[in-house]
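Everything below concerns the one structure shown next.
Quick note: the coordinates plus some simple rules give every number you see, no bench work behind them. What you are looking at is a predicted structure, and each value in this text was computed from that prediction instead of being measured. FYI the Cβ positions are ideal-geometry reconstructions off the backbone, even for glycines, and counts take in every protein chain you see.
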């Protein structure tokens with residue numbers, strides 16, 4: 001712990017620390033926490049029994065369930081972790097499961113002679129039914145548990161430079 005020779009020196013340190021938690025310093029803290037946090041969804045995916053293996057999807061080549069983060073300059077200190085663009089489909093299947101082929105409403109179709117025949121809408125390909133593992137929900141629980149200590153560690157690190 002630093003010892004300050006006067007109240008003026010202590011005031012300068014407090015002001016510098018306050019400025020460090022504002023603007024650029026806050027963005028550095030947010031980015032550091034976000035970079036660490038974007039790995040949490042992958043941790044949740046590895047804990048699921050499917051372990052990145054989806055039936056009928058690129059055999060022998062497990063799909064990586066990655067995440068990305070986005071910070072918002074207009075809202076300092078705020079970031080969002082979301083599935084990576086190429087992993088949105090696999091994340092949805094891991095969360096909710098693959099749904100059965102559904103038949104849509106009966107739609108009229110006109111034949112060449114002008115008669116009306118009934119046609120049903122079908123899915124293009126049968127992929128089977130799977131149940132979801134609530135993987136993203138698990139990732140959110142992990143993030144809720146790990147983000148506050150990460151923020152505290154970053155603020156303590158910043159505070160250590162001044163006090």
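Descriptive notes on the structure:
- Cα-projected label distance for residue 152 with residue 134, points at 7 Å along beta-carbon direction, nm: 2.6
- Ranked by the mean number of other Cβ atoms within 10 Å of their residues, highest first, the peptides 63-75, 7-19 come out as 63-75, 7-19.
- Across segment 1-98, the mean sequence separation of Cα contacts (distance under 8 Å, 6 or more residues apart), normalised by length, yields a relative contact order of 23 percent.
- Pairwise FRET efficiency - residue 24 versus residue 46, Cβ, R0 = 45 Å, nearest 0.05: 0.80
- Taking the average, over residues, of other Cβ atoms within 10 Å as the packing measure, peptides 109-115, 149-155, 30-36 rank 30-36, 149-155, 109-115 from highest down.
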